[in-house]
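What follows is one structure encoded as structure tokens, with my remarks underneath.
Computed from the coordinates by the stated procedures, all read-outs in this text should not be read as laboratory data. Bear in mind the structure is a predicted one, so any value in this text is a computation, not a measurement. Here Cβ is always computed from backbone atoms with ideal geometry, including for glycine, and neighbour counts include all displayed protein chains.
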Ligand code: COA
């Protein structure tokens, strides 16, 4: 059977660094609160005059292509994970296709929030395994800073979410590569972490222009406590599911790259699963939670730092809005 493997990784984060001190100057929060509850000390925000989700994705993609020794024209299909597309429609996949100067190749958008990159990777893996495509670009990219509520009212999410892009190139391989992917959701919890508007299922009078400034538009609603409780359980469940499916144990994991939701969540999983700290990669301290971009950014950084080597077993795991959760086990 044909398998797929990652042949190149890249990431791009905006230049502008937003410190906890800056956030404390514009809303009622503090460095101590943010560090203690989330572990984040700074994050990156775009310059909206220059950056778009698609052009950040293009920068990350070009780095991944270069590391893979490939050119734009080699890409046969794009899978783009984002919950913050440049337009309400079309999705950012086609905009990335245009940025990369590609003509007519297919581009698919995935809207599974923090689990989006693993969902995207799984879709690409199936396309390669089936023999449909030979080179697929898988991207996670987000611009969350332009919609964040920067008043004290929005402080529980404003300090967490941030911007960035990461990319991976998948190609066929005789040996696996991607050993397995595991995808889950539970829509009963959809409203525990969501942005309600601009949603379509609203009476016409609630959808008029004057309502655009209404508090529900682009406002991230998060029940942090519920998210935390479910996240720690589902993260561990889906990691164990991936290990069991491949007849492995936690000792086989060379590096766990969790979605960078919150440093406390990562540390909880690391301790509960009795993994040594160096086996869990975290960069949320510097980038915040970049939703679908967080795993490819973290993988790309870990690879660049020499923390992912040939034959290593890499475990990806994510949890987020939906609720959705997912894992992937990869032999490098
Ligand atoms: N600065 C200062 N105080 C803040 C604050 C901020 N940025 N955000 C919230 N608070 C306040 C609240 O208003 C509340 O005040 P009150 O006790 O006077 O009502 C207090 O801090 C405690 O709020 P609570 O929401 O119970 O805090 P918490 O200990 O649960 O921590 C999170 C909040 C969001 C850090 C925590 O719930 C969490 O990590 N959840 C998971 C979130 C996550 O990972 N999301 C991404 C999923 S992909």
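Kirkwood radius for the chain, taken over all pairs of different Cα atoms as the inverse mean of 1/r, rounds to 19.9 Å. Our summary gives region 149-243 a relative contact order of 35 percent, counting only alpha carbon pairs under 8 angstrom and 6 or more residues apart.
Using the alpha carbons alone, the radius of gyration of region 180-331 stands to its Kirkwood radius in an Rg to Rh ratio of 1.06. On the beta carbon distance between residue 228 and residue 104, with R0 = 30 Å, the FRET formula returns roughly 0.10. Of the residues 88, 323, 117, the one with the fewest other Cβ atoms within 10 Å heads the list, and the complete ranking is 88, 323, 117. As a proxy for reagent exposure, 86, 47 were ordered by neighbouring Cβ count within 10 angstrom, fewest first; the result is 47, 86.
Rounded if a/c is under 1.5, else prolate if a/b is larger than b/c, else oblate: which is region 41-95, with a ≥ b ≥ c the root eigenvalues of its Cα gyration tensor? Note, shape of region 41-95 comes out oblate.
You can think of it this way: the chain between residue 25 and residue 245 has 74.3 nm of extra reach, that is 0.36 nm per residue less the Cα-Cα gap.
Modelled label positions at residue 332 and residue 1, each set 7 Å beyond Cα in the direction of Cβ, lie 2.5 nm from each other. Taking the chain as a Gaussian network of alpha-carbon nodes connected by springs under 10 Å, the highest mean-square fluctuation of the residues 196, 67, 207 belongs to 207.
Spin-label pair residue 17-residue 36: with each label point 7 Å from Cα along the Cα-Cβ axis, the two points sit 2.5 nm from one another.
Rounded, prolate or oblate: which fits region 254-332, taking a ≥ b ≥ c as square roots of the Cα gyration tensor eigenvalues, rounded meaning a/c under 1.5, else prolate when a/b beats b/c? It is rounded, given that a/c, with a ≥ b ≥ c, falls under 1.5.
Have a look at 16, 59, 50 and tell me which one the Gaussian network model of the chain (Cα, springs below 10 Å) gives the largest fluctuation. Between 16, 59, 50, it is 50 that shows the largest mean-square fluctuation. When only Cα pairs below 8 angstrom with a gap of at least 6 residues are kept, region 10-95 shows a relative contact order of 33 percent. Legend: calculated FRET efficiency, residue 111 to residue 134, from the Cβ-Cβ distance at R0 = 22 Å, rounded to 0.05, equals 0.25.
Hey, with R₀ at 51 Å, roughly what FRET efficiency would residue 175 and residue 49 work out to, going by the Cβ-Cβ distance, to 0.05? The pair residue 175/residue 49 has a calculated efficiency of 0.65. Relative contact order of the chain: 26 percent, from C-alpha pairs under 8 Å at least 6 residues apart in sequence.
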